Amino acid sequence: MPAPTIPAGSKRVEEDLQSWKEPELSLSAELVQLPEERLLVLEQEMAWLRKQLESELKHVTARLQVVEARLDPGNHNFKAAPTDDTNVVPDYGLPLETLTLSLEVPEAQESGMDEAASSRKSRGSRTSRKAQEFTEVWFEESAWSIPLLAGLVNLGVFDTLFASALVFLNLGMQSAFSIILLTPAFMGEEFESKIQSAQAWRTSVAHDERYMDLAGTSLVTRVCKGDGSVILSTVQATLVEHVNSFLGMEKDGFDLPAFQPGILLCMLCIVLWALCVYKEFRRIWVQLEAAAEIPKARSTSFFENTFETISWGRFCLLLLTYACRTAIASVLLVAGILWLARTTSISELMLNAVALNAILDVDEFLFVGMTPIKIQHAIQSLEPMKVKYSRRRSECESIVHFISLVALVSCTYLFQLGPLTEAMLSLKNELCGGNQAFVVGFNPETQLTHALNTPGSLDIGRNLTISELAVESHKATSPETTPGDFPTYLLYSTDKNTFSNDNTRSIELEGGMIPFCIETDIMNPAGRYHNDTALIPWTAVLIRNSAASVGLHSARSCEEMRGMCSRAESRLLRMVCGETCGCTEPYSSAWYKVAAQGCAPACLQHAQASLSGGSCEDAANDADWQAFWTTFPEAVSYFYSTDVTQTALWPIANQTVQAMRQDGCAALTQFPTDVMTNAEWCSGMPQLFRPLSAICPRSCGCGQRAHLTHCPAGCASGNSSG
């Protein structure tokens, strides 16, 4: 383009420059004479000169732009250029910040210029509107674009074969992903099917007494309370955890909260996945429109990276690729929504959505990573195609997008997430609803099913059970949990069979295996085995277990536990501390003074021997006698595991109790038998209480009835009367 020149009639610029030099010289002289007084004034004047110079330079630049516009024949949007009759007048009357240039045009030319400007403006607006109706569409950098240039790029044999293989590999991979996503093996069973298995688990395993932990907690309680130590029913524990986190529910909650994080995140992931597929649909449609605009001919005309014409065969090949892409995207859309809607783990939702998006990008991965560089360069160098659009079309597309998005969200919630929420609530109710705090066991001999109440929660701060204490003191994970020379609570068995027998042996058999009374013969200083070094550690283990069984963990002597002897559950304590608990005393309370309730036979023999010097007279109606009958309801209720005071027999039994408390031993002649247990008071009940013949020998008829035991020696035949 010719270099622009300034017209010769612009001598005024030189005059202005000359006029600027004179004040500058005068200012310099003044600066030398009065440098400090005129410094501020000088700076202001220099700023004014700088702005004036910038204004003049803008004026020169404007004139150059006008000249360039006149020399460019394709530019119709230019302002009138200064001619010989045009004077450039700098307006110095304005402030320095707003200096402007005005063109003085003769009146004869002004009207003609206005008409030309209006004509150019109308043509420019039409041209602008026409240009805005087209948009450029670039060919995608994708493996799907490889067939477009088949036979048009100078490739080697291997590049051609490899590029063809990439096209089929891309088609095969995306098709295989689509098919696998729809298979039941990948999709999994519907969530509703888990409800039936939850029902079966709750009725068959959850309340089985064999699966209690050492603390006596039922399996269902451990699963529903999120016990991390559970090793059974981990599938059910995972389901409960997923339901709670997905619906935002507490462990004990069964009502649907207002905020459900899993439902919201699942909906967002489904919308995200749908947007990815919609993007693919839009790219396919725009590419199809652009390809349809290319003129069709028998052969393809490809010149300077532009398709001038395209053959019908190549166009049909493009249509085939677009159809394959549409089918794959449609299948992936449906399969992805179903898969995401069945993902119950809130932590896996985002990962699944990202994994789905990677399937759509397989073609781009193959193009960038493996496509021959010559084909890559050819596709990247293709000129864009133009697609016409209008405001109406844009609005129609927006309406379609809006309707499709609303339909997607509505259908997904109504047909997927809504039923999933209901199924999750039903599942949790089947797994954890109702009463969790009991276990059952079946006795095959009696064919009866027995139940046991268990803790209803995981009390982390509770006292440990005996078994837990034993493990805690022997696990050796720290100095505090490392045992000494002898275990703290454990009694080791010699082999597996012995271990099994030791765990099932009754307290009666356990006490019968001990040939001596532990407290009397070992713990008392006067005992025969008090200094036996082998029995002392064994006795210490029994004492610690006895203390733990009654909740007195720090107790180390029988005297410290005396107040717990009369409890029904204190069987081990009565076996170990027989003397303190009254097993060796024939006149103590008869409740639980039998081998079945913990009193060792050796200790009971001590009591029997003490009767040799006893009197054959009935004991007085004292506090011990009153305490025996006061304990009657509690002892019998424990034996039957039910409150006997609520039965129809209690009024009759209560008559016996009241008569005994009022008349003492004499009432035994009127009420010789207990209506609750059908046991004779004087003969005793081996499972519950010792015979009362030792306390009431005369009323029981000691001496006349030979079968009576526990009668004093003074009640021999002929000495019981009088």
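Structure data summary
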| item | result |
| --- | --- |
| Lone unmet requirement of (1) in the same structural domain as Ser345 (by TED's automatic domain parsing); (2) exposed (fewer than 13 other Cβ atoms within 10 Å of the Cβ); (3) within 30 Å of His553 (Cα to Cα) for Lys475 | (1) |
| Restricting the range 450-470 to residues that are at pLDDT below 85 and β-branched (Val, Ile, Thr), the residue that is nearest to Tyr489 (Cα to Cα) | Ile466 |
| Failed condition for Ala659, given (1) closer than 18 Å to Ala620 by Cβ; (2) of a type in the set (A, V, I, L, M, F, W, C); (3) in contact with a strand residue (DSSP E or B) (Cβ under 6 Å, 6 or more places away or on another chain) | (3) |
| The range 428-448, residues that are among the aliphatic types (A, V, I, L, M) and without any contact (Cβ under 8 Å) to a residue 60 or more places away in the chain | Leu448 |
| Evaluation of Ser588 against (1) assigned to a loop (DSSP other than H, G, I, E, B); (2) in contact with a helix residue (DSSP H, G or I) (Cβ under 6 Å, 6 or more places away or on another chain); (3) closer than 23 Å to Ala653 by Cα (one fails), failing number | (2) |
| Subset of the range 551-571 that is closer than 23 Å to Pro537 by Cα and acidic (Asp, Glu) - its residue that is farthest from the chain's Cα centre (by Cα) | Glu559 |
| Filter result for Leu668 (modelled with pLDDT of 90 or more and not in a loop (DSSP other than H, G, I, E, B)) | yes |
| Out of Ala635, Ala609, sole residue that is closer than 30 Å to Arg556 by Cα and not assigned by TED's automatic domain parsing to the domain that holds Ala694 | Ala609 |
| Where Thr645 falls short, out of the listed (1) hydroxyl-bearing (Ser, Thr, Tyr); (2) surrounded by 17 or more Cβ atoms within 10 Å (Cβ to Cβ); (3) more than 14 Å from Ala590 (Cβ to Cβ) | (2) |
| Among the candidates Val576, Val636, residue that is under 20 Å from Glu560 (Cα atoms), of a type in the set (Val, Ile, Thr) and under 55 Å from the mean Cα position of the chain (by Cα) | Val576 |
| Glu190 being charged (D, E, K, R) and in contact (Cβ under 8 Å) with a residue 60 or more places away in the chain | yes |
| Given (1) free of Cβ contacts under 8 Å to residues at least 12 places away in the same chain; (2) farther than 30 Å from Leu318 by Cβ; (3) surrounded by 15 or more Cβ atoms within 10 Å (Cβ to Cβ); (4) among the β-branched types (Val, Ile, Thr), index of the condition Thr160 fails | (2) |
| Residue among Arg567, Arg505, Arg562 that alone is in contact with a Ser or Thr (Cβ under 6 Å, 6 or more places away or on another chain), within 26 Å of Trp591 (Cβ to Cβ) and free of Cβ contacts under 8 Å to residues at least 40 places away in the same chain | Arg562 |
| Residue check, Leu458 closer than 22 Å to Thr217 by Cβ, part of a loop (DSSP other than H, G, I, E, B), in contact (Cβ under 8 Å) with a residue 12 or more places away in the chain and not charged (D, E, K, R) | yes |
| So Val409, is it of a type in the set (A, V, I, L, M, F, W, C) and either exposed (fewer than 13 other Cβ atoms within 10 Å of the Cβ) or over 24 Å from Leu256 (Cβ atoms) (or both) | no |
| Number of the exception - Ala595 against (1) of a type outside the set (Ser, Thr, Tyr); (2) surrounded by fewer than 16 Cβ atoms within 10 Å (Cβ to Cβ); (3) touching a Pro at 6+ places or on another chain (Cβ under 6 Å) | (2) |
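The values are calculated or read from the model by the stated rules, or taken from the named source; none is laboratory data. Here the structure is a predicted model, which means the values were calculated and not measured. For neighbour counting, all protein chains shown are included, and Cβ atoms are generated from backbone atoms with ideal geometry for every residue, glycine included.
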